[in-house]
Ligand code: SF4
């Protein structure tokens, strides 16, 4: 009998061609997908050339997404995007999306069925951990690792130990996956899961839809985690069926698998949460934050730019208008989400409320474009990072929270709960 | 490998956004990136850093994004080694892969003060604060990782494999 293993250990063992692996072990794994974007791919392409490989190991397993500074912000970004485009075309890369099809990478890859349950995925972007929501092992790496992956189809890993987060009970109204993960990061800190895999289980997690699950795994990196993972279930099946481009494999943790630590969390005790500047772990309750006025609200990103997020925001904004001093920017994460939101009439609600609706882009999330903050300005955003200077001037501030709270904040002009608006 | 230089001291959770802000990520040219290294945490860094200098920080250095621009900017600024209590894992990988020496030593990170002269012997893992005379030992790299570093980084290893 192999030793009892966690879902993460099982996926890694299978991709390393081993019966079992254990935390701390250094292994080489075959990869299912290697991802890079318009910021990280240019370096990866330069390093790839230096390997002498000539052509990528499998042009159907490399995904290149120009999403950070596109539609091209300026001449320099246009040059970066061109390097990626030229490489994609020269290599016959099948997973390349031009503006018009492009979306924020971590919303796009699952939506397009490029990543699936049981996969091992590396991406030259820290939020690659998002795909763990599908029951996959996905982790962010640098451009050089991506280059080596593109050349060989393999990567080296130190097998992480796992932390288990068992969340049980019913979430209160206006409490979402975002509040749950902010609560966890606030509890364990930005290095609370350093080098570790974060496994989310329990009946609360099982009750959540895929969009909330993506949000939770997306922010594993904000706790320092190597990956976040949620085991495959019927919700996952409903999402990947008819979508996944490859056959998938289902793994689950053994009952007697070993964890570094098990956190038991009562979902009913979680309240709407906001992360204050300048760390995602600097969390407070929304009800204690109403004194914070904001200049801008951003609803979007790989964390909360999916259809369910837009529906929730629209539900709050319907029949209301945003505070005239709050620039409100809504960014659907992909073209498919954009189209769906349009069909559902969400854009009418946003525009009537006085919000701008953008084409898919990372844009303001990383302080790139489409909503940069001036000195001393404050934004409330559904994104995932609030580091110094993240959305603009180094003296500006970013507050992180859910789409519902973001929409309420836009209307109130200060951090607020939807119920405050009545 | 031996290094000696002046220590530039920072606290915990130094993130990649302050090491190299995203507004400069529309280039990957090391010299360009070096001009803005540490800009949002220490605007005077670029003016005071000298070739051979050392960055010292507390826990979780390099947390945040996967941008390799961060170790590239640090290396191009003239810094030879980063000593920290711990590193964020993507930064740790990136530093190894791009050839920026890093050392994990909570004791050294706690004791070394801003402006101290520090000598590092990367082979033995010995860190000496020359100003105070204190000596510390860093965690050695596992042999697998040492192999990558000594072989000239990850790309060199792949080049060898591809050639076979
Ligand atoms: S939306 Fe933000 S966090 Fe997500 S990939 Fe883009 S820049 Fe990174």
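Where a number appears in this text, it was derived from the coordinates with a stated rule and is not lab data. These numbers were taken from a predicted model, which means no experiment stands behind them. FYI the Cβ positions are ideal-geometry reconstructions off the backbone, even for glycines, and counts take in every protein chain you see.
Quick notes on this one:
- The label-point distance for residue B:146 and residue B:164, in a model that sets each label 7 Å from Cα toward Cβ, rounds to 2.1 nm.
- Using only alpha-carbon positions in the stretch A:273-421, the gyration tensor eigenvalues give semi-axes of 22, 17, 13 Å once each is multiplied by 5 and square-rooted (largest first).
- Average beta-carbon neighbours from other chains, 10 Å sphere, peptide A:385-394: 6
- Gained length - residue A:260 relative to residue A:206, 0.36 nm times residue gap less alpha-carbon distance: 17.2 nm
- In range of the label at residue B:137: residues from the stretch B:75-117 whose backbone nitrogen is under 17 Å from the point 7 Å along Cα→Cβ: B:103-109
- Burial ranking of peptide ranges B:98-105, B:117-124 (average Cβ count within 10 Å, highest at the top): B:98-105, B:117-124
- From the alpha carbon centroid of the stretch A:39-104 to that of the stretch A:357-409 is 26 Å.
- Per-residue average of Cβ from other chains inside 10 Å of B:25-37: 4
- Averaged over peptide B:10-20, the number of partner chain Cβ atoms lying within 10 Å of each residue's Cβ comes to 4.
- Once the Cα-Cα distance is subtracted from the 0.36 nm per residue extended length, the residue A:101 to residue A:293 segment shows a gain of 65.5 nm.
- Residue B:117 versus residue A:285: modelled label distance in nm, points set 7 Å from Cα along the beta carbon direction: 5.6
- Chain lengthening between residue A:60 and residue A:245 when straightened (0.36 nm per residue, less Cα-Cα): 65.5 nm
- Cα→Cβ-extended label distance, 7 Å offset, between residue B:27 and residue A:78, nm: 1.8
- Peptides ranked, highest mean first, by Cβ atoms within 10 Å: ranges A:166-177, A:246-257: A:166-177, A:246-257
- Residue list for the stretch A:285-302, given a label point 7 angstrom along the Cα-to-Cβ vector of residue A:422 and an amide N cut-off under 18 Å: A:287
- For peptides A:269-279, B:36-46, sequence by mean Cβ density within 10 Å, most packed first: A:269-279, B:36-46
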